[in-house]
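Heads up, the thing below is written out as structure tokens.
Derivation of every value follows stated rules applied to the coordinates shown; laboratory data play no part. Computed from a prediction, not measured in an experiment: that's the story for all the values here. We place every Cβ from the backbone using ideal geometry, glycine too, and count neighbours over all the protein chains shown.
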Amino acid sequence: MPVPASWVTVDENQAVLTLPFAASEGMLEPLKADKTLGAYNWQLRVAVEKLPNSQPELPMTFGNVIVVSSGKGGVGKSSVSVQLALALHQLGANVGILDADVYGPSLPTMLGGQEEKLEINAQQKMIPHQRHGIWASSLGYLTDTKDAAIWRGPMASAALQQLFRDTKWPRLDYLIVDMPPGTGDIQLTFAQKLPITGAVVVTTPQTVALADAEKGITMFRKVGVPITGLIENMSYYTCSACGHQDAIFGSEGGLEVARREQVPLLGQWPLDSRIRAGLDCGKPLQSAEPEHELSVMMRNSAQQLAIELYTQAQQQTKQ
């Protein structure tokens, strides 16, 4: 994307590019390649801007809330949420993640530390865990592993709002919210009553999942939440023995939905056992092997997400 002059400061031979969103040092390459600007010693600084949200009248003491949603379960939404949060942290942002799936919280498994319960301070605020550099709050850190949340919709919605508001988050640039699947009471309550900067919809290329993904996009639009992008998960499987790629759940379905709904496609992530294995033991690939090709791919998606979030907010402000 074009770099405005206001993002650049120059002092003798030193130049600094300050970005209002999370991004990698790859953003410096065009500047270094420029015949005039390339003579400077370039540094990158990330200073994430707090963007408008869906509930501007509500106070929000931290940065930008990004909900990660899916129309149906089983598409890897929680896995995507965790990897996006870790990738944004690696891109220089302060990041938190909220496990909003109160019926089946999975963050304690994916990030580790299931045995560590959340502390409650004197002001009755929950202190989130710091795992792999990001801050995490989940009902799973409050209850026993095998306990089931047997709640009706209003009770679950109230619990989610309390988890959001009564967690004492540090200063955050991004808060990733792993939403429960579907478009029911909990999702509507969160979208209508809590401040959201943008939404990411996760789907597989499978026809059933695509139809539900479009329902999710429609729901967010009806309640005034911008769709920041779509991630097609489990796009293909690559055989470790011969390298053959197999589109197990269909091909390019997420791409077609993104085109039809006019939302950015943030990435097409493969079905890969290394991603699954890391999350199963609380050691995500993104954290354990940040330079792995899959980690780089997911980090590129996170950077595109951060750029789209910022760009959409700027366009909305001009309207």
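Tabulated values for the structure
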{"item": "As computed over the chain, the Cα convex hull volume per residue (Å³)", "result": "159 Å³"}
{"item": "Sum of -39500 (n - 2.57) over DSSP H runs of 4+, divided by residues of the chain (222 nm, nearest 500)", "result": "-10500 deg cm²/dmol"}
{"item": "10 Å Cβ shell holding at most 11 others, DSSP loop, GluC sites (Glu not before Pro): longest site-free stretch of the chain", "result": "117-290"}
{"item": "Percent of C-alpha pairs per 10 Å bin, the stretch 1-47, short to long", "result": "27, 64, 9"}
{"item": "Selected from Asp178, Asp280, Asp99 as most flexible by GNM, with the chain as the system and alpha-carbon contacts under 10 Å", "result": "Asp280"}
{"item": "Rg(Cα) / (2.2 N^0.38 Å) computed for the stretch 248-319, rounded to two decimals", "result": "1.37"}
{"item": "Range of Cα positions in the stretch 228-287 per principal axis (Å), largest first", "result": "36, 28, 13"}
{"item": "Per DSSP, loop chymotrypsin sites (Phe, Trp or Tyr not before Pro) in the stretch 166-260 with at most 16 further Cβ within 10 Å", "result": "none"}
{"item": "For the chain: relative contact order, % (alpha-carbon pairs under 8 angstrom, 6 or more apart)", "result": "21 percent"}
{"item": "Mean Cα-pair separation over length for the stretch 1-47, i.e. relative contact order, pairs under 8 Å, 6 or more apart, %", "result": "42 percent"}
{"item": "Taking only Cα atoms of the stretch 1-130, radius of gyration then Dmax in Å", "result": "19.5, 58"}
